[in-house]
Amino acid sequence: MQYNKEELKNSTRIFKSATPKFDVSWYIKWTASVFVLAAMSIRGVEGLQMYDLMFSIIGVAGWLVVSILWKDRALLVLNGVGLVFLLRTVATTLMS
C-alpha cells in the first residue's frame, strides 16, 4: 500500500524507521553489520582468531563512523571503546 507524505508524517499507525535510508550512513551501517556478523560466525573456530579480529575491527570501525554521522553518543562510546579493545588485542597478539 502506498501512502502520501502527509499521511506518513501525521500517522501514528504507520511504522516509520527512525534511521536514515539510502544515505552514506545506511550503506556503512549495513556493510559494517555484515563484517560484525562474519566475525561472530567464525568466533571460537581454531585458527581463525585473527580473521575474527580483523572482521570485528572493520565492523566496529564502520559503526564508529555511523555513530559520528548520526551524532549518537551511546554508539560512539560503545564502538570507540570496542575499537580500542580490539586494537589492543591485535597488538598483544602480534607482540607475543
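The residue pairs whose first member lies in segment 40-52 and is closer than 13 Å to Val90 by Cα, whose second member is part of a loop (DSSP other than H, G, I, E, B), and whose beta carbons are closer than 6 Å, counting only pairs six or more residues apart or on different chains, are Asp52/Arg43. Restricted to segment 1-88, the set of helices (runs of 4 or more DSSP H) holding at least 3 residues that are surrounded by 14 or more Cβ atoms within 10 Å (Cβ to Cβ) and aliphatic (A, V, I, L, M) comprises 24-42, 49-70. Looking only at segment 12-35, filter to residues that are modelled with pLDDT under 75 and not β-branched (Val, Ile, Thr); which one of those is farthest from Ser67 (Cα to Cα)? Only one residue fits best here, namely Arg13. Pairs meeting the criteria (first residue in segment 65-93 and more than 26 Å from Gln49 (Cα to Cα) and of a type in the set (A, V, I, L, M), second residue assigned to a helix (DSSP H, G or I) and open to solvent by 30 Å² or more (accessible area, probe 1.4 Å), beta carbons under 8 Å, at least 6 apart or on different chains) are Ile68/Leu76; Leu69/Val24; Leu69/Ile28.
The values are calculated or read from the model by the stated rules, or taken from the named source; none is laboratory data. Being a predicted model, the structure only gives us computed values, none of them experimental. Positions of Cβ are backbone-derived with ideal geometry, glycine not excepted, and every protein chain shown enters the neighbour counts. Each accessible area value is taken on the protein alone, full model and side chains, heavy atoms only, with ligands, DNA and RNA left out. Shrake-Rupley method; radii C 1.70, N 1.55, O 1.52, S 1.80 Å.
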